[in-house]
Amino acid sequence: MNYLDTQPLIKPIAHTVSRGSPVVILDEIVIEQLQELLMRFNLQLELIGEDQVIPGSYWGDCEAGLIGNNIYARLDTPVHSILHEASHYICMDDLRRAALHRDAGGDVDEENAVCYLQIILADYIDGFDRIQMQDDMDTWGYTFRLGSAHAWFMQEAEEAQRWLIEARILDGSDTPTWQPRR
């Protein structure tokens, strides 16, 4: 049975990951669970050696890279970065996806949808959840008008949620359809 098929939509809110870094990194979660999650969207996680430059990384350093349907990461790559890049892939249309190399592009509405989706997808990784994702987004420097990812998600993200529903990425109860945008 697939791990994702057995998991509740929302896990109990608990910070179960050891905090060796200011945000949760790939080395602190079960990588196979993340790989399963990504494979549901036809994405492959490619691990890079610890001292190597991450291919396709927009920001460089330890940030995840995106080329085609491959997400590149090292063990020190933040989980929020991997899910953000994955969400870009999921939210873009087929035309942009076919030419994807490093820069996901998109407009403000799509970027907001990406942020919303990465929060939702966090619930599908054991030892991680949407609250941890929001904390990590704040720690890393994502900026929201209301001052935090949590405040944005709870009070101002209706348009992003609607965008994802209209794109058939989420259903009306924030459950992924497991299909990227077409």
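Coordinate-derived values only; no laboratory data. Fair warning: this is a prediction, and the values are worked out from it, not measured in the lab. Using ideal geometry, Cβ is built from the backbone for each residue, glycine included, and neighbour counts are taken over all protein chains shown.
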Beta bridge orientation in the chain: antiparallel %, DSSP, nearest 5: 65 percent
Under 5 Å, built H, 5+ apart or other chain: amide partners of Thr77: Leu26, Asp27
Distance from the stretch 133-160 to the stretch 67-129 (C-alpha centre basis), Å: 16 Å
Distant-in-sequence amide H partners of Leu66 (H built 1.01 Å from N, under 5 Å): Ser57, Tyr58, Tyr72, Arg102
GNM flexibility winner over the chain from Ala122, Ala157, Ala86 (Cα, springs under 10 Å): Ala157
Distance (nanometres) between label positions extended 7 Å along Cα→Cβ at Arg102 and Asn69: 2.4 nm
Amide H within-cut-off set for Leu45, under 5 Å, with H built and near neighbours excluded: Ile71
Highest-MSF residue in the chain out of Asp27, Asp51, Asp103 [GNM, Cα springs under 10 Å]: Asp51
Cα-based convex hull, the chain, per residue volume (Å³, whole number): 111 Å³
In Hz, Karplus ³J(HN,Hα) per residue of the stretch 90-102 (6.51, -1.76, 1.60; θ = phi - 60°; x = Gly, Pro): 5, 8, 7, 7, 4, 4, 5, 4, 5, 10, 5, 8, 6
FRET E, pair Arg162, Leu47, Förster distance 45 Å, beta-carbon r, rounded to 0.05: 0.80
In nm, spacing of pseudo-spin labels at Asp94 and Asp27 (7 Å Cα→C-beta vector): 4.1 nm
Diffusion constant of the stretch 106-162 at 25 °C, which comes from Stokes-Einstein with the Kirkwood Cα-pair radius and 0.890 mPa s, µm²/s: 216 µm²/s
Coil-residue trypsin sites (Lys or Arg not before Pro) of the stretch 49-98, DSSP, other Cβ within 10 Å capped at 15: none
Per-peptide average of other Cβ atoms within 10 Å, ordering 56-63, 141-148, 159-166 highest first: 159-166, 56-63, 141-148
Vicinal HN-Hα couplings computed from phi for the stretch 42-47 (Karplus, 6.51 cos²θ - 1.76 cosθ + 1.60; Hz; Gly/Pro x): 6, 9, 10, 8, 10, 7
Net charge contributed by nearby residues that have their C-beta within less than 13 Å of Asp51 (K/R +1, D/E -1): -2
